[in-house]
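Before any comments, here is the structure.
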Amino acid sequence: MPTNVELRPVLTEDVALFFEHHLEVRPLPVGASLDERQATFIAGWSQMLADKSVLARTIVSEGDVAGYVVCARQREQPTISSWLGRRFWGHGIATKAVKAFVDLVEERPVYARVAYDNLAALQVLRKTGFAIIGHDSFFSESHGYEIDEIICALS
């Protein structure tokens, strides 16, 4: 199914949709405040978008905000991350978006870190030319525990 995918600068109103997309997969922990979590999410995006070294784009598919792709420094390396709303999964949108986005990122190598259980994201990266270069672990706020991750790089 051919899908039109465009990248555009992130608009303020996009961030609320990004938060909704995150909730689809990572619901709030018991006792967590939706308002507090959303405020933290929006504040993080505001800080990131104010940072001139961060490149962020909204992924638009067929006129709808599907998600985002970002390149920011993590562990002193340019690192790409992306997210799609659940209804946009499985249509090749992430692959098209990441392929277009890496052309905007001038620094090489560029890295990506993927949770060990996110095979769809790993597949997107491999289709985009990223290669697995290692493994690591980190404490994931969204999981609430330490997770293993796969490190990928694009030269």
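The values are calculated or read from the model by the stated rules, or taken from the named source; none is laboratory data. Treat the numbers as computed from the prediction; the structure is a model and nothing was measured. All Cβ positions, even for glycine, are placed from backbone atoms using ideal geometry, and neighbour counts span all protein chains on display.
So which pairs qualify, if the first residue must be in region 65-93 and free of Cβ contacts under 8 Å to residues at least 12 places away in the same chain and hydrophobic (A, V, I, L, M, F, W, C), the second must be assigned to a loop (DSSP other than H, G, I, E, B) and surrounded by 21 or more Cβ atoms within 10 Å (Cβ to Cβ), the Cβ gap must be under 8 Å, and the two must be at least 6 apart or on different chains?
none
When you go through SER81, SER53 one by one, which is the residue that is of a type in the set (Gly, Ala, Ser), part of a loop (DSSP other than H, G, I, E, B), closer than 18 Å to PHE101 by Cα and modelled with pLDDT of 90 or more?
Working: SER81 fails: part of a loop (DSSP other than H, G, I, E, B).
Unique residue meeting the criteria: SER53.
Looking only at region 116-137, decide whether some residue is assigned to a strand (DSSP E or B), within 16 Å of the chain's Cα centre (by Cα) and touching a residue at least 12 places away in the same chain (Cβ under 8 Å).
No: region 116-137 contains no residue that is assigned to a strand (DSSP E or B), within 16 Å of the chain's Cα centre (by Cα) and touching a residue at least 12 places away in the same chain (Cβ under 8 Å).
Kindly evaluate ARG87 against the criterion of being surrounded by fewer than 16 Cβ atoms within 10 Å (Cβ to Cβ), at pLDDT below 95 and within 24 Å of PRO9 (Cα to Cα).
Against the criterion (surrounded by fewer than 16 Cβ atoms within 10 Å (Cβ to Cβ), at pLDDT below 95 and within 24 Å of PRO9 (Cα to Cα)), ARG87 qualifies.
Condition check: under 14 Å from the mean Cα position of the chain (by Cα) and modelled with pLDDT under 95. Does ALA94 satisfy that? So that I can check it myself, show each step before the final result.
Numbers: under 14 Å from the mean Cα position of the chain (by Cα): yes; modelled with pLDDT under 95: no.
Here the answer is no, as ALA94 does not meet what is asked.
Only one residue in ALA97, ALA39, ALA16, ALA43 is buried (at least 17 other Cβ atoms within 10 Å of the Cβ) and not aromatic (Phe, Trp, Tyr), so which one is that? Walk me through how you get there before you give the answer.
Numbers: ALA39 fails: buried (at least 17 other Cβ atoms within 10 Å of the Cβ); ALA16 fails: buried (at least 17 other Cβ atoms within 10 Å of the Cβ); ALA43 fails: buried (at least 17 other Cβ atoms within 10 Å of the Cβ).
After applying the criteria, what remains is ALA97.
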